[in-house]
Amino acid sequence: TEKILVARKNKLGHDHPDIALSYYNLGAAYKKKGEYDRAIEHYEKSLRIRLDKLGHDHPDIALSYNKLGLAYGNKGEYGRAIEHYEKSLRIWLEKLGHDHPDVAPLYNNLGLAYTNKGEYGRAIEHYEKSLRISLEKLGHDHPIVALSYNNFGLAYDNKGEHDRAIEYYEKSLRISLEKLGHDHPNVALSYNNLGLAYDNKGEHDRAIEYYEKSLRIWLEKLG
């Protein structure tokens with residue numbers, strides 16, 4: 001990708017939209033490697049070109065802000081993540097409207113950032129917005145709906161409302177079992193989270209039961 005970037009710069013100049021795409025792709029590659037500062041550096045270079053060439057409300061600008069939010073979230077800088085998610089969300093709301101399926105992941109990302117910040121009420125508020133769109137546009141048994149229920153569970157478990165968390169984890173599990181099968185990683189995730197919630201309740205035998213179910217899937221999938 002670095003070689004492609006150099007070739008494109010030589011041919012197109014330093015501020016062409018295709019150069020922005022190369023920086024964007026390099027950012028994604030560094031993010032996958034866990035090199036979040038390098039990822040942010042390249043996403044920001046991409047964003048600067050896109051702002052200059054495409055304007056402040058182009059969908060590619062929204063994508064750049066979202067990727068920056070994810071990278072800052074991976075770094076643990078949740079305030080910076082929220083700042084970038086909100087910029088992305090404003091563009092998508094303007095371009096797509098309040099009930100478009102592509103808006104739901106932004107609300108979900110904001111919810112995760114607020115969960116990690118410990119602001120569980122704000123997290124739940126954003127999860128509810130994401131879930132409403134997903135239920136309306138995708139149906140009650142879509143895997144994305146299952147992930148939304150899982151995120152509700154995380155927020156409630158961290159709030160200390162372990163029974164509410166278990167309720168949402170079980171909803172997530174039912175959908176994943178039906179749609180993805182009994183050995184899918186999302187099913188393992190649900191079992192693990194149920195184990196955590198029961199552990200937090202002090203029901204350690206129930207917790208072990210779910211941890212073992214999760215472990216069986218991971219052993220089969222990962223060795």
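The values are calculated or read from the model by the stated rules, or taken from the named source; none is laboratory data. Fair warning: this is a prediction, and the values are worked out from it, not measured in the lab. The protein model used for the area step is the full one, side chains on, heavy atoms only, and it has no ligands, DNA or RNA in it. Shrake-Rupley method; radii C 1.70, N 1.55, O 1.52, S 1.80 Å.
Roughly how many whole Å is it from the C-alpha centroid of region 16-40 to that of region 133-174?
32
How long are the three semi-axes of the equivalent ellipsoid of region 85-174, in whole Å, if each is the root of 5 times an eigenvalue of the C-alpha gyration tensor, listed from largest down?
Taking √(5λ) for each eigenvalue gives 22, 16, 7 Å, largest first.
Before anything else, pin down the relative contact order of the chain: Cα pairs under 8 Å, at least 6 apart, normalised by residue count, whole percent.
Once normalised by length, the contact order is 10 percent.
Translational diffusion coefficient, Stokes-Einstein: compute it for region 158-223 using the Kirkwood radius over C-alpha pairs as Rh, at 20 °C and 1.002 mPa s, and state it as an integer in µm² s⁻¹.
Rounded, D is 182 µm²/s.
If each DSSP helix of 4+ residues adds -39,500 (n - 2.57) and the sum is divided by the residues in the chain, what number results at 222 nm, nearest 500 deg cm²/dmol?
-28500 deg cm²/dmol
Taking the Cα atoms of the chain, what is the range of coordinates along each of the three principal axes, in descending order and whole Å?
63, 40, 30
Using a probe of 1.4 angstrom, how much of the accessible area of the chain is carbon and sulfur, in percent?
Exposed carbon and sulfur together represent 49 percent of the surface.
Find the accessible area per residue for the chain; the probe is 1.4 Å, ligands and nucleic acids are left out, and the unit is Å².
Result: 51 Å² per residue.
What do you get for the angle between helix 2-12 and the principal long axis of the chain? Use alpha-carbon atoms, 0 to 90 degrees, nearest ten.
Taking Cα atoms only, the helix is inclined about 40 degrees.
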